[in-house]
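Quick notes on the structure that follows.
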Amino acid sequence: MLSESSSFLKGVMLGSIFCALITMLGHIRIGHGNRMHHHEHHHLQAPNKEDILKISEDERMELSKSFQVYCIILVKPKDVSLWAAVKETWTKHCDKAEFFSSENVKVFESINMETNDMWLMMRKAYRYAFDKYRDQYNWFFLARPTTFAIIENLKYFLLKKDPSQPFYLGHTVKSGDLEYVSVEGGIVLSIESMKRLNSLLDIPEKCPEQGGMIWKISEDKQLAVCLKYAGVFAENAEDSEGKDVFNTKSVGLFIKEAMTNHPNQVVEGCCSDMAVTFNGLTPNQMHVMMYGVYRLRAFGHIFNDALIFLPPNGSDND
């Protein structure tokens, strides 16, 4: 009897493990029909200043006006202090920024997603943005309230990228066979990627609302799964020196690491000069970043940028 019970328990355990493996493989090894996609990891770089200088001044001005970025910030009521900081700092530099919350919050204007599930919030936010703004914006940037973004650097990075191509950019991470853009560093989708994603949201076999039968996978991984079915793959964004421009850590943490790893080149070894995002910031650090990025200037140092991105009409940005 004991032996039979032991065999039964072993069978249950083995069956559970087998189901888990099947579920995991079902989410990661995907393709169109029976064809598997073999996609080489891409490292996309920002344009060189020399390339921009080759463009006429009139063309540069037209370019600066043509880049429109819509910002999506996913929030929950517990994030109210971060929410306030983000609203008062970097989101003013988006051409339009909207907050998508898990429930109605009286103190701040937001779009109520009516769910605490981050993947469902992300899906609903992307659908809302596409349905309402697909004819107004070509680039869509999604972030958490712990993220600080320099939108002008994002626009500069995207300068020579064609939004009619399926771009899915940020800080890439590899998990098994799945390569995805970490939401902690922010996620950028072109309008073409938004179109493809939107076409899959109602197909549960390719883009399910739930991550798996046994365990849930994070919203950024689930997004990568859906986009992979549409032939859209994660691409890491870097500067001309190969440094990441979408960062999943704060500046302070990077400097602390640089002091240990590159004590003679702390600033140079820290991060990219053209960084787009940093993550893990407190509300106070948001305002410090705002001061450092947009207010503080060293007298006698003149920065002759080849391109200027003007603020949106009616903006009260810094």
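Values computed for the structure shown
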read-out	value
Residue list for the range 258-292, restricted to those being touching a Phe, Trp or Tyr at 6+ places or on another chain (Cβ under 8 Å), in a helix (DSSP H, G or I) and open to solvent by 50 Å² or more (accessible area, probe 1.4 Å)	GLN285
Residue selected from the range 66-117 under the condition aliphatic (A, V, I, L, M) and in a loop (DSSP other than H, G, I, E, B), by the criterion farthest from the chain's Cα centre (by Cα)	VAL107
Pair list, Cβ < 6 Å and 6+ apart or interchain, from the range 81-104 residues that are more than 15 Å from ALA125 (Cβ to Cβ) to residues that are open to solvent by 30 Å² or more (accessible area, probe 1.4 Å) and assigned to a strand (DSSP E or B)	ASN104/ASN112
Counted residues, the range 244-256 - those being surrounded by fewer than 17 Cβ atoms within 10 Å (Cβ to Cβ) and in contact (Cβ under 8 Å) with a residue 12 or more places away in the chain	3
Hits in the range 121-134 (condition: of a type in the set (Ser, Thr, Tyr) and either closer than 21 Å to ASP220 by Cα or crowded, with 21+ Cβ neighbours inside 10 Å (or both))	TYR126, TYR128
Lone unmet requirement of (1) more than 30 Å from GLN285 (Cβ to Cβ); (2) within 14 Å of the chain's Cα centre (by Cα); (3) not charged (D, E, K, R) for VAL173	(1)
Filter result (within 30 Å of TYR291 (Cβ to Cβ) and of a type in the set (Lys, Arg)) within the range 133-160	ARG144, LYS155
Counted residues, the range 105-137 - those being in contact with a Pro (Cβ under 9 Å, 6 or more places away or on another chain) and free of Cβ contacts under 8 Å to residues at least 12 places away in the same chain	0
Of all residues in the range 180-233 being surrounded by fewer than 20 Cβ atoms within 10 Å (Cβ to Cβ) and among the basic types (Lys, Arg), the one that is nearest to THR146 (Cα to Cα)	LYS216
Members of the range 140-160 that are among the hydrophobic types (A, V, I, L, M, F, W, C) and touching a Pro at 6+ places or on another chain (Cβ under 6 Å)	LEU159
Among residues of the range 161-179, those that are under 16 Å from GLU192 (Cβ atoms) and open to solvent by 50 Å² or more (accessible area, probe 1.4 Å), counted	3
Unique residue being aromatic (Phe, Trp, Tyr), in a loop (DSSP other than H, G, I, E, B) and buried (at least 19 other Cβ atoms within 10 Å of the Cβ) when the list is TYR156, TYR137	TYR137
Residue count, the range 243-268 (criterion: at pLDDT below 90 and within 23 Å of LEU169 (Cα to Cα))	1
Checking PHE108 against (1) open to solvent by less than 40 Å² (accessible area, probe 1.4 Å); (2) closer than 21 Å to TRP90 by Cα, the condition it does not meet	(1)
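The values are calculated or read from the model by the stated rules, or taken from the named source; none is laboratory data. Quantities reported herein were computed from a predicted structural model and do not represent experimental measurements. Quick reminder, even Gly has a Cβ in these numbers, built from the backbone with ideal geometry, and neighbours come from all protein chains shown. With ligands, DNA and RNA removed, areas are computed over all heavy atoms of the protein, side chains included. Shrake-Rupley method; radii C 1.70, N 1.55, O 1.52, S 1.80 Å.
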